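First up is the structure itself, then whatever we jot down about it.
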Amino acid sequence: MTLQIVTLTLGPVATNAYLIADSDTGAAAVIDPSWDGQLILAEAQKRGWRIAHLWYTHAHFDHIGGAAAIADALNPLPLVALHPADHDLWKAAGGGPLFGFNIDPGPEPTIDFTHAQTLWLGNNLLEVRHTPGHTPGHVVIYCAESAVCFCGDLIFACSVGRTDLPGGDWETLEQSIQTQIYTLPNETRLHPGHGPETTVGEEKQSNPFVRMA
């Protein structure tokens, strides 16, 4: 079984959307459908993948801006999952109006992410880890077998998520990184919400913001 990953960098703040699929079954999910949903759909259709899930690491507008276009084109609707602590942020259109963006947030989340929850995508097993700090309901999605973690805006290559937006908290973010990211195997690839991928080992060694606990 192989987890296939397509990265699309989209939208006004260059947010990474991750189209992932089980290569055996063609079952697909979009982690953070950031913007331009039709482009994400086209990538899935080109590969013969069926998008059945929209998984949000958090509800900021630049991570959900493409959801409506994806959902409008699919029947049945994809299942939408978000941690309940970010539902209010989702209802506020992801905070987009604060920055001059009035997005359609798409279908309401119907699955509540919880810490240590398991997700199946075809034959691939993934794990949800609650990682507040950037937002109260931020999560990362980890696939041990593929040694990859989709980490949203928690941690970036040599950087970390901002904590000055509503619901952000620096000490909480730092703790989330130390307990939920730095405890993963060093070779785990981190796919962040912005910028290039990195690894757990690289960040433990060189991230200037959060050192090992």
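Listing for the model above:
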{"quantity": "Residue check, L125 surrounded by fewer than 21 Cβ atoms within 10 Å (Cβ to Cβ) and in contact with a strand residue (DSSP E or B) (Cβ under 8 Å, 6 or more places away or on another chain)", "calculated": "yes"}
{"quantity": "The lone exception for L77 - which of (1) modelled with pLDDT under 95; (2) within 27 Å of P132 (Cα to Cα); (3) in contact with a helix residue (DSSP H, G or I) (Cβ under 7 Å, 6 or more places away or on another chain) it fails", "calculated": "(2)"}
{"quantity": "Pick from the range 104-122, criterion assigned to a loop (DSSP other than H, G, I, E, B) and β-branched (V, I, T), ranking: nearest to the chain's Cα centre (by Cα)", "calculated": "T114"}
{"quantity": "Residue among L10, L41 that alone is out of contact with any Gly (no Cβ under 8 Å at 6 or more places or on another chain), among the aliphatic types (A, V, I, L, M) and closer than 18 Å to D104 by Cβ", "calculated": "L41"}
{"quantity": "Pair list, Cβ < 9 Å and 6+ apart or interchain, from the range 128-148 residues that are surrounded by fewer than 24 Cβ atoms within 10 Å (Cβ to Cβ) to residues that are part of a loop (DSSP other than H, G, I, E, B) and of a type in the set (F, W, Y)", "calculated": "V128/F113; H130/F113"}
{"quantity": "Close pairs (6 angstrom Cβ cut-off, 6 or more residues apart or separate chains): touching a residue at least 24 places away in the same chain (Cβ under 8 Å) in the range 196-213, polar (S, T, N, Q) anywhere", "calculated": "V200/N186; V200/T188; A213/Q178"}
{"quantity": "Single condition L39 does not satisfy, out of (1) over 17 Å from the mean Cα position of the chain (by Cα); (2) within 25 Å of P136 (Cβ to Cβ)", "calculated": "(2)"}
{"quantity": "Failed criterion for P84 (all others in (1) closer than 23 Å to V148 by Cβ; (2) at pLDDT 95 or above hold)", "calculated": "(1)"}
{"quantity": "Failed criterion for A68 (all others in (1) in contact (Cβ under 8 Å) with a residue 12 or more places away in the chain; (2) surrounded by fewer than 17 Cβ atoms within 10 Å (Cβ to Cβ); (3) over 15 Å from D32 (Cβ atoms) hold)", "calculated": "(3)"}
{"quantity": "Condition broken by H53, with the remaining ones in (1) over 15 Å from the mean Cα position of the chain (by Cα); (2) within 30 Å of G100 (Cα to Cα); (3) not β-branched (V, I, T) satisfied", "calculated": "(1)"}
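The values are calculated or read from the model by the stated rules, or taken from the named source; none is laboratory data. Note that the coordinates shown come from a computational prediction; the quantities given were computed from them, not determined experimentally. Methodologically, a virtual Cβ is constructed for each residue, glycine included, from the backbone with ideal geometry; neighbour enumeration extends over all protein chains shown.
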